[in-house]
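Here, each number is a calculation from the coordinates, and none is a lab measurement. As the structure is a prediction and not an experimental result, all values here were calculated from the model. Note that each Cβ is placed from the backbone with ideal geometry, even for glycine, and that neighbours are counted across all protein chains shown.
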Amino acid sequence: KKRKFLSFFNGLKLIIFVLFFLSGFCGILYQVVWLRKAFASFGIITPVISLVVSTFMLGLALGSWLGGRWVKDFRAKTGYSPILLYACAELTIGLGAFAVPYLFRLGDTFLLSAGQSGSAFYLLQSALLICISLLPWCFMMGTTFPFMMGFWRETIEKNSESFSFLYLSNVIGAMMGAILPAFVLIELFGFSNTLMIAATINFLIAGISFYMAYACRG
């Protein structure tokens with residue numbers, strides 16, 4: 001029985017590692033492609049780079065902070081495992097693959113109709129549109145850490161290892177996400193299809209996580 005117990009939790013750790021690896025991969029992939037999309041809509045200028053990166057960092061920070069507050073006592077209040085929150089976050093992130101390019105196109109159309117390209121007011125409008133388009137999905141990316149940590153500590157063990165374990169898998173995935181899009185995926189499939197690949201991965205992560213939430217209900 002002890003061997004089966006240890007085998008189960010080792011298998012669960014591996015699943016969590018793979019899920020967070022894929023999540024980190026998709027996160028950086030989105031950043032790379034969305035930055036290129038922002039260039040196409042708002043111009044290849046330094047402020048666009050700064051805005052995209054800053055919005056990513058702001059969303060991750062806010063998501064991590066508020067996600068940590070939401071996940072606290074989630075099981076006690078709802079009866080559901082925190083992995084359910086993680087599944088919803090990954091599902092929402094996947095929807096961002098469709099939403100962000102559409103929002104960028106709307107923003108581009110709005111700015112063209114407004115005129116004054118290159119003015120300070122134009123740059124301010126661009127900044128607001130980029131932030132509105134990206135922040136919700138970056139926020140959800142930030143929540144994935146506290147949501148999965150809540151599941152880890154509830155299901156496996158209550159110690160500090162959870163953060164380092166998840167961070168390691170996420171960083172490895174992010175490294176691959178920084179390399180593959182530029183040299184492989186974008187070259188082979190283009191921007192739109194690369195986003196669809198990322199969305200499919202997010203939906204797969206969400207599906208597995210929803211199943212885990214069902215298995216851990218009670």
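General remarks:
- One Cα centroid belongs to the range 15-53, the other to the range 202-216; the line between them spans 24 Å.
- Taking each residue as 0.36 nm, the span from Ile15 to Asp73 lengthens on full extension beyond its C-alpha to C-alpha distance by 18.5 nm.
- Dividing the mean sequence gap of close Cα pairs (under 8 Å, 6+ apart) by how many residues the chain holds gives a relative contact order of 42 percent.
- Cβ-based net charge around Phe98, under 14 Å, with every Lys or Arg adding one and every Asp or Glu removing one: +2
- Among 207-214, 35-42, the order from most to least packed when residues are scored by Cβ within 10 Å on average: 35-42, 207-214
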